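The values are calculated or read from the model by the stated rules, or taken from the named source; none is laboratory data. Fair warning: this is a prediction, and the values are worked out from it, not measured in the lab. Backbone-built Cβ (ideal geometry, glycine too); neighbour counts: all protein chains shown.
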Amino acid sequence: MTSFFLTTAIDFVNSRPHLGTAYEKITADVIARYHRLKGDDTWFLMGNDEHSQNVFRRAQEQGKDPLAYCDEMEQVFRDVWRGLDISFDDFIRTTDQKRHVPAVQRLVQACLDNGDVYEGTYEGPYCVGCEEFKPEKDLVDGLCPIHKTKPEWIREKNWFFRLSRYQRPLLKFYADHPSFIEPEVRRNEVVRLVEDGLVDLSISRAGQSWGIPLPFDPTSVVYVWFDALTNYASAVGYGWDDALFAKRWPANLHIVGKDITRFHCVIWPAMLMSAGLPLPGRIFGHGWVFFKGERMSKTMGNIVDPLDAAKRFGPDPLRLYLTKEVPYGGDGDFTWERFEEKYNADLANNLGNLVNRVAAMTERFQHGRLAAGAGGPLAALAAEAARSYAGAMDRLALHEGVAAAYRLVSAANEYIAETQPWSLAKDPAKADALARVLYEAAEAVRIAAVLLLPVMPSSAAEILRRMGEPASPGDLRFDTATAWRTSGERGILNAGALWPRLEDKGAITVSETKSGDAGAEAPALHSEAPALHSEAPALRTPAAPVAPEQISIDEFMKVQLKVARVLEAARVPKSKKLVQLSVDVGEATPRTILAGIAESYEPEQLVGRTIVVVANLKPAKLMGIESNGMVLAASPEGGGALLIDAEPGAPGTRVR
């Protein structure tokens, strides 16, 4: 069994986690779950960075003992990670007296013993937000370029680490291990930085009690970054359990933000070289998630609380959005409007609609049972999707992995539209073809759900349950679970909509929860929308229906409802809702009908589908285009239109 140890950066606890913080943890969790799915002996480490002056000052502001404050914040962070379904195996705190303190003191002593630590004096600007001395050349208009605040001027006697000694060893290591720093843009940045020369690093603070005392100078505490970086080794035994450390170290992968790659790719490997310890295998610097084009920060007042989205939709839609929509390694953007748009498109209309159709038709036409058979066109597509997915995930191209899974979802939707199981069901001679089509669609859905397990663990597990997967998700292994099954029988469960469409009820604003208030509750947004939980979709109690106005049969018969087949479909320029359809209604020439279903369907999904239209509606001009009819649709839960596939015969057939 292959061992795989990955970590995320540990977080300052002076404020609640925001969406940018959550992005790192979610994507790391996707990677950890993927490796578990492969069968690797996976160890996923997270934690909190507590020996920060930011944290100390925050505790003072609240009139609390720093350690008591950190204890409270640990629970805050754990609650957020639990709410986002983060499956870490260990959680390290830098105030951990049994594990972390002895590790830090052992590491700094090892560097001293190797001649890499000496005493000196430092004077210069210090950014409390970064917990770092800033060379004046790096300031912008006298301000920290990241926090937009003026650094404090500090002069004190410090202990220094001879970082300059490791310029050549680091450059050689980068050359010998080209995949050590990823993506390539981060690697190039770090290499240029080291080539420009390194200066020795202050690794102590004098006259402070909040921190870990230097073993050779109890009047000083270890600099927060030297302290924090050691967590990756301290959590797995360094300084307190040599056998455990030999088993787990070195880490295979550090996931960190692009703003702290310098610490992880320069200072951390130099520390390990000095102490004679193996270096990690890979450091990946991900990009930032912006809110409406701006970096999220407490100072800017644009913090998005990730639990707002999780409370509204469940964690899986947020996990999907961040993994699918942000190219891993690059920057991404988040807006509530875009999030809801992708929820409707990717979940309600695409994946959710596919699961519902397969389950409903299997229940109706096959009594909920399907027998396996030889694979058809979807089998080859599923195999290709699995290969592409695995290759992308191994390269940490998470967005490409999700795209591969969704290509299979789209192919299954197209397959259903092409084969029309509802038509096959009308001919007893085509019973075998019907069974084959439904099985092939169900098997494609099952494999797509396996691919999505790391991204949407609860939702994918529910889809697997509905598609008759007998094994529990934790027992599945990638190679066997993504193989097309050609024998056996399974039951398919029709259990209703997984993701009901969302109706636009106005833009959701940035969370008004103050990020620094540990006990503050995040406001619930659109609380009436159901969320998917790990067991089954939430059910709501329906309001008492309002009795509709009654009409006579003669009035009804004035409305001519006819079967139509969509020949062409395209979005109407400058309209978010309209799709222009060319439909066959059994007449000499096709009709043009405009339908307000663009938020429910991509145009390519509509071509070839059978619909019902109002055929005798007066023509109307919309967006400069004449519409000759109306599409019959349903609007469940007050949501957007959902097109209904009709099952009568030829276009033009009257619906009564």
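Suppose we filter Leu438, Leu453, Leu476 for residues that are assigned by TED's automatic domain parsing to the domain that holds Ala380, aliphatic (A, V, I, L, M), under 25 Å from the mean Cα position of the chain (by Cα) and buried (at least 22 other Cβ atoms within 10 Å of the Cβ); which single one remains?
Only one candidate passes the filter, namely Leu453.
Among the residues of the stretch 118-147, count how many are in contact (Cβ under 8 Å) with a residue 40 or more places away in the chain, surrounded by 14 or more Cβ atoms within 10 Å (Cβ to Cβ) and more than 12 Å from Leu201 (Cβ to Cβ).
Adding up the residues that qualify gives 5.
Taking the criterion of being within 25 Å of Arg364 (Cβ to Cβ), free of Cβ contacts under 8 Å to residues at least 40 places away in the same chain and of a type in the set (A, V, I, L, M, F, W, C), would at least one residue in the stretch 462-474 satisfy it?
Yes: the stretch 462-474 contains one or more residues that are within 25 Å of Arg364 (Cβ to Cβ), free of Cβ contacts under 8 Å to residues at least 40 places away in the same chain and of a type in the set (A, V, I, L, M, F, W, C).
Looking at (1) over 27 Å from Ile146 (Cα atoms); (2) under 34 Å from the mean Cα position of the chain (by Cα); (3) buried (at least 16 other Cβ atoms within 10 Å of the Cβ), which one does Arg82 not meet, given that it meets all the others?
(3)
Please state which of the following conditions Glu469 fails to meet, knowing it meets all the rest: (1) modelled with pLDDT of 95 or more; (2) part of a helix (DSSP H, G or I).
Failing condition for Glu469: (2).
Out of the stretch 148-164, which residues are crowded, with 17+ Cβ neighbours inside 10 Å and either of a type in the set (Gly, Ala, Ser) or not in a strand (DSSP E or B) (or both)?
Answer for the stretch 148-164, where residues must be crowded, with 17+ Cβ neighbours inside 10 Å and either of a type in the set (Gly, Ala, Ser) or not in a strand (DSSP E or B) (or both): Pro151, Arg162, Leu163.
Can Val194 be described as on the phi < 0 side of the Ramachandran plot, surrounded by fewer than 19 Cβ atoms within 10 Å (Cβ to Cβ) and not charged (D, E, K, R)?
no
Give me the pairs: first residue in the stretch 384-413 and farther than 25 Å from Glu24 by Cβ, second residue part of a loop (DSSP other than H, G, I, E, B) and among the β-branched types (Val, Ile, Thr), beta-carbon distance under 8 Å, and six or more apart or on different chains, which are they?
From the stretch 384-413, the pairs are Ala386/Thr482.
Within the group Asp41, Asp90, Asp65, Asp71, which residue is touching a residue at least 60 places away in the same chain (Cβ under 8 Å) and either assigned by TED's automatic domain parsing to the domain that holds Ala397 or not aliphatic (A, V, I, L, M) (or both)?
Asp90
Hey, does the stretch 365-374 have a residue that's part of a helix (DSSP H, G or I), not acidic (Asp, Glu) and not assigned by TED's automatic domain parsing to the domain that holds Ala598?
Within the stretch 365-374, one or more residues are part of a helix (DSSP H, G or I), not acidic (Asp, Glu) and not assigned by TED's automatic domain parsing to the domain that holds Ala598.
With the requirement that a residue be within 18 Å of Ala383 (Cβ to Cβ) and either among the hydroxyl-bearing types (Ser, Thr, Tyr) or not assigned by TED's automatic domain parsing to the domain that holds Leu381 (or both), what does the stretch 404-423 give you?
Within the stretch 404-423, Tyr406, Ser410, Tyr415 meet the criteria.
Cβ-Cβ under 8 Å, sequence separation 6+ or interchain: first residue in the stretch 318-339 and closer than 14 Å to Leu307 by Cα, partner at pLDDT 95 or above and in a loop (DSSP other than H, G, I, E, B). Which pairs?
Note: pairs meeting the criteria are Leu318/Leu84; Arg319/Leu84; Arg319/Asp85; Arg319/Val455; Arg319/Met456.
With the condition kept exactly as written, say whether any residue in the stretch 257-272 is assigned to a strand (DSSP E or B) and crowded, with 17+ Cβ neighbours inside 10 Å.
Checked the stretch 257-272: at least one residue is assigned to a strand (DSSP E or B) and crowded, with 17+ Cβ neighbours inside 10 Å.
On the basis of being modelled with pLDDT of 85 or more, part of a loop (DSSP other than H, G, I, E, B), closer than 29 Å to Val101 by Cβ and out of contact with any strand residue (DSSP E or B) (no Cβ under 9 Å at 6 or more places or on another chain), does Leu198 make the cut?
Judged against the criteria, Leu198 is a match.
Given the options Gly120, Gly115, name the one that is modelled with pLDDT of 95 or more and closer than 24 Å to Pro213 by Cα.
Gly115
Take the residues in the stretch 276-289 that are surrounded by fewer than 21 Cβ atoms within 10 Å (Cβ to Cβ) and in contact with a Lys or Arg (Cβ under 8 Å, 6 or more places away or on another chain), then tell me which one is nearest to Ala22 (Cα to Cα).
Trp288
Where the second residue is of a type in the set (S, T, N, Q) and not in a strand (DSSP E or B) and the first is at positive phi and modelled with pLDDT under 90 and lies in the stretch 586-601, which pairs have Cβ atoms under 9 Å and are six or more apart or on separate chains?
These pairs meet every condition: Gly586/Thr653.
Which of (1) free of Cβ contacts under 8 Å to residues at least 40 places away in the same chain; (2) in a loop (DSSP other than H, G, I, E, B); (3) more than 26 Å from Met271 (Cβ to Cβ) does Asp85 not meet, given it meets every other one?
(1) is the only condition that Asp85 fails.
Each row is one residue, and each column tells you yes or no for (1) modelled with pLDDT under 90; (2) in a helix (DSSP H, G or I); (3) more than 14 Å from the chain's Cα centre (by Cα); (4) buried (at least 18 other Cβ atoms within 10 Å of the Cβ).
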{"site": "Lys298", "(1), (2), (3), (4)": "yes, no, yes, no"}
{"site": "Gly301", "(1), (2), (3), (4)": "yes, no, yes, no"}
{"site": "Val304", "(1), (2), (3), (4)": "yes, no, yes, yes"}
{"site": "Ala310", "(1), (2), (3), (4)": "yes, yes, no, yes"}
{"site": "Asp316", "(1), (2), (3), (4)": "no, yes, no, yes"}
{"site": "Leu320", "(1), (2), (3), (4)": "no, yes, no, yes"}
{"site": "Lys324", "(1), (2), (3), (4)": "no, yes, no, yes"}
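So Val55 fits all but one of (1) modelled with pLDDT of 95 or more; (2) within 26 Å of Pro151 (Cα to Cα); what number is the exception?
Going through (1) modelled with pLDDT of 95 or more; (2) within 26 Å of Pro151 (Cα to Cα) one by one, Val55 breaks only (1).
Take the stretch 241-260 and flag every residue that is farther than 22 Å from Asp394 by Cβ and of a type in the set (D, E, K, R).
Selection gives Asp241, Asp242, Lys247, Asp259.
For the stretch 564-581, give me each residue that is surrounded by 15 or more Cβ atoms within 10 Å (Cβ to Cβ) and under 16 Å from Ala417 (Cβ atoms).
The answer is Ala564, Arg565, Val566, Leu567, Ala569, Val579, Leu581.
Considering only the stretch 234-248, how many residues are touching a helix residue (DSSP H, G or I) at 6+ places or on another chain (Cβ under 6 Å) and either within 17 Å of Val108 (Cβ to Cβ) or among the aromatic types (Phe, Trp, Tyr) (or both)?
Within the stretch 234-248, residues that are touching a helix residue (DSSP H, G or I) at 6+ places or on another chain (Cβ under 6 Å) and either within 17 Å of Val108 (Cβ to Cβ) or among the aromatic types (Phe, Trp, Tyr) (or both) number 4.
Mind checking which residues of the stretch 419-435 are surrounded by fewer than 18 Cβ atoms within 10 Å (Cβ to Cβ) and closer than 14 Å to Leu354 by Cα?
Matches in the stretch 419-435: Gln420 only.
Across the stretch 245-256, what is the number of residues that are among the hydrophobic types (A, V, I, L, M, F, W, C) and surrounded by fewer than 17 Cβ atoms within 10 Å (Cβ to Cβ)?
1
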